[in-house]
1. Can you give me the ranges of the helices (runs of 4 or more DSSP H) entirely in the range 45-144 with at least 1 residues that are within 29 Å of R166 (Cα to Cα)?
2. Please go through the range 388-398 and give me each residue that is over 14 Å from the mean Cα position of the chain (by Cα) and either among the aromatic types (F, W, Y) or surrounded by 18 or more Cβ atoms within 10 Å (Cβ to Cβ) (or both), ordered by number.
3. Does the range 78-85 contain any residue that is touching a residue at least 12 places away in the same chain (Cβ under 8 Å) and within 16 Å of the ligand (Cβ to nearest atom)?
4. Mind counting the residues in the range 134-162 that are within 22 Å of the chain's Cα centre (by Cα) and under 19 Å from R183 (Cβ atoms)?
5. Residues that are among the charged types (D, E, K, R), at pLDDT 95 or above and away from the ligand (no atom under 12 Å from the Cβ): list the strands (runs of 3 or more DSSP E) wholly contained in the range 379-431 that include at least 2 such residues.
6. Would you confirm, using the coordinates I've provided, whether S118 is modelled with pLDDT of 95 or more, within 16 Å of the ligand (Cβ to nearest atom) and in contact with a Lys or Arg (Cβ under 8 Å, 6 or more places away or on another chain)?
Amino acid sequence: MEGIAHADRSRFDPDALRTKYREERDKRLHPDGNGQYVRTDGRHARFQDDPYTPVRAREARRDDVEVLIVGGGFSGLLAAVHLKETGVRDIRIVERGGDFGGSWYWNRYPGAQCDIESYIYLPLLEETGYIPTKKYSDAPEIFAHCQRIGERYRLYDDALFHTQVRELRWDGAASRWVVTTDRGDEFKARFVCLGDGPLSQPKLPGIPGLERFRGAMFHTSRWDYSYTGGGPDGHLDGLRDKRVGIIGTGATAIQCVPYLAESAGTLCVFQRTPSSVFPRDNRDTDAAWAASLPPNWQRDRMRNFNRIASGFNEAVDLVNDGLTHVMSTLRRLPESRDGAPVPPDELERLAELRDFELMEGLRARVDAIVRDPDTAAALKPWYRLFCKRPCFNDGYLQAFNRSNVTLVDTQGKGVARLTETAAVVGDRAYELDCLIFATGFEVGTAYPRRSGFEVFGRNGVTLTEKWAGGLRSLHGLQTSGFPNCFFLGVNQGTFTPNFSHMLYEQSAHLAYIVAEVNRSGRQAVEVTQNGEDQWIDVLNSFPSTILKFQQDCTPGYYNNEGKVDQDGPRRTPSLYGGGSEAFFQILSDWRARGDMAGVRLTG
Ligand code: NDP
């Protein structure tokens, strides 16, 4: 792959790198783990306000629907489409935002773009007849595509926007969920699908003085264009005479910093941990190529990408980009000398070496782009690549060559405090007019905290109580004691870099189950205790190499801020360890058998 350099292994010392990685990680371990962050509620609730769409008055609902879907992002849309395809008509999507789109409704910051190729990431391209205009779509195009799906499948008809579910309570006698919301609704639903996304609650850094700062402040997922001017493609004219600060250097900051750098009077980028930044090389869609695509091209392309992500040696790499390059480099299996399987230790040793080669190449790239040697040194990441989300961008590192941009390297400690007018790091105060939080979203906290509501299952048992000792489920989709309730996302299912592929498979599976319940004439479907136990046994049968990998990683949301094996939901495995290809096969085989193993129909 052009543009991604690998260092020669004779030019680095693996032991020295291991030591350096450990030192850098230890600097960043925070005693409070996830607890260091500040929630965007209570006195910080304004950080959640919707700056994009006015809230419209509406009548409260008191009716009965077949399916309630919580969340109108990719999960909710895909679930609704699959359910409609199996004949379910009465579907209500309840969504906190003012429209469909989920992450792509909220994240409108300048430069927002998908980092997975758009031809496999945007759902239902063949079904809607749409071809993205670029290899990596900008956020407005993805948001518009979500609206397209909503229109095409008539999902707007009964959607409730700007609505937060307050409680879901199972009424066993009626075999219905009773749903209450912050808009005064109290309606019933036979099935509920929870698709409210893993990265939906913005979080703030735990910095003393957050309430004192008097300048403009907002989170990247609630971009205040009324203050900055401009739009998703930049031209932020309101910032021309402003001293702007941004806290955070994750995937979001990498995308918006180049636009801030172009527009702001001055820009301070407050860094705790640098990201890895590979070249992007985005390009327009070739119309002739698009016209030549055969039927089923999108599913084939998704599958090809997923197999490469899972370590299969595919004859052709259809996506052929930086991500498939790094994934196939790290996961490629070595040739076995005598046909015997390569021992796991040897696999891990090779993966680590290849990781060092890639990361050394990446660090050399920083030197090649960033002119000031101290700034370049500070921008180099010292951890294994997949400890954090790898980033691809052609303007981020370059922005630090501008005279109006300063990297404030906090040596892994973060901003010490805020005053009324400044952010303080060490003994230096950086005077600011505007402070932007690119500090990410709540991950790994309890489900009700992130979703904003509690789920009361059979006998009033809450989901928090059910999962207090660790997640328990069948295929990550259903949990016993919670009939007719489906979870979309990463809950003991699988993870794929192309998140929408995973959601596609999950929603097809849940639609099959709902169709089977309807075909049987029964009212409800519930996982049996045995079905759940057997799935936990399957999950436990895999070696916990991922745990060891995460333990050694620099802190972040991928490893529960460095506290991998603590906190309730992590006491049972949170993923199927056999890879996504195998997981999708398990679901497909389960459907093909048609025996609904591990669940029972009632009512
Ligand atoms: P992240 O959680 O990845 O990053 C948060 C950033 O804030 C980190 O750099 C973190 O530093 C920093 N931070 C937190 N607290 C402090 C503090 N007290 N002082 C200084 N810095 C602090 O959030 P993002 O919004 O960047 O990304 C979240 C996820 O969203 C991504 O991982 C990705 O999955 C998704 N995303 C996807 C995109 C796409 O193209 N599809 C684009 C953008 C985001 P530290 O690393 O030290 O914790």
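1. So the answer is 74-85, 103-106.
2. To start, the set of residues in the range 388-398 that are over 14 Å from the mean Cα position of the chain (by Cα) comprises 392-398.
If the condition is that a residue be over 14 Å from the mean Cα position of the chain (by Cα) and either among the aromatic types (F, W, Y) or surrounded by 18 or more Cβ atoms within 10 Å (Cβ to Cβ) (or both), then F392, N393, Y396, L397 are the ones that fit.
3. The first filter runs over the range 78-85 and keeps only residues touching a residue at least 12 places away in the same chain (Cβ under 8 Å), leaving 78-85.
Of the ones still in play, those that are also within 16 Å of the ligand (Cβ to nearest atom) are none.
For the range 78-85, residues touching a residue at least 12 places away in the same chain (Cβ under 8 Å) and within 16 Å of the ligand (Cβ to nearest atom): absent.
4. Qualifying residue count, the range 134-162: 2.
5. Values: elements: 405-409, 422-425, 428-431.
By residue number, 428-431.
6. Working: modelled with pLDDT of 95 or more: yes; within 16 Å of the ligand (Cβ to nearest atom): yes; in contact with a Lys or Arg (Cβ under 8 Å, 6 or more places away or on another chain): yes.
Taking the combined requirement at face value, the residue satisfies it.
A quick yes/no check of all residues on (1) of a type in the set (F, W, Y); (2) under 29 Å from M302 (Cα atoms):
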position: R458; (1), (2): no, no
position: V461; (1), (2): no, no
position: E465; (1), (2): no, no
position: S473; (1), (2): no, yes
position: Q478; (1), (2): no, yes
position: G481; (1), (2): no, no
position: N484; (1), (2): no, no
position: N491; (1), (2): no, yes
position: F495; (1), (2): yes, yes
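Okay, residues lined up against (1) within 15 Å of the ligand (Cβ to nearest atom); (2) within 23 Å of the chain's Cα centre (by Cα); (3) not in a loop (DSSP other than H, G, I, E, B):
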{"position": "Q255", "(1), (2), (3)": "yes, yes, yes"}
{"position": "Y259", "(1), (2), (3)": "yes, yes, yes"}
{"position": "T273", "(1), (2), (3)": "yes, yes, no"}
{"position": "R280", "(1), (2), (3)": "yes, yes, no"}
{"position": "N304", "(1), (2), (3)": "no, yes, yes"}
{"position": "I308", "(1), (2), (3)": "no, yes, yes"}
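The values are calculated or read from the model by the stated rules, or taken from the named source; none is laboratory data. Please read all numbers here as calculations on a predicted model, not as lab measurements. Counting neighbours? That spans all protein chains shown, and the Cβs are built from the backbone with ideal geometry, glycine included.
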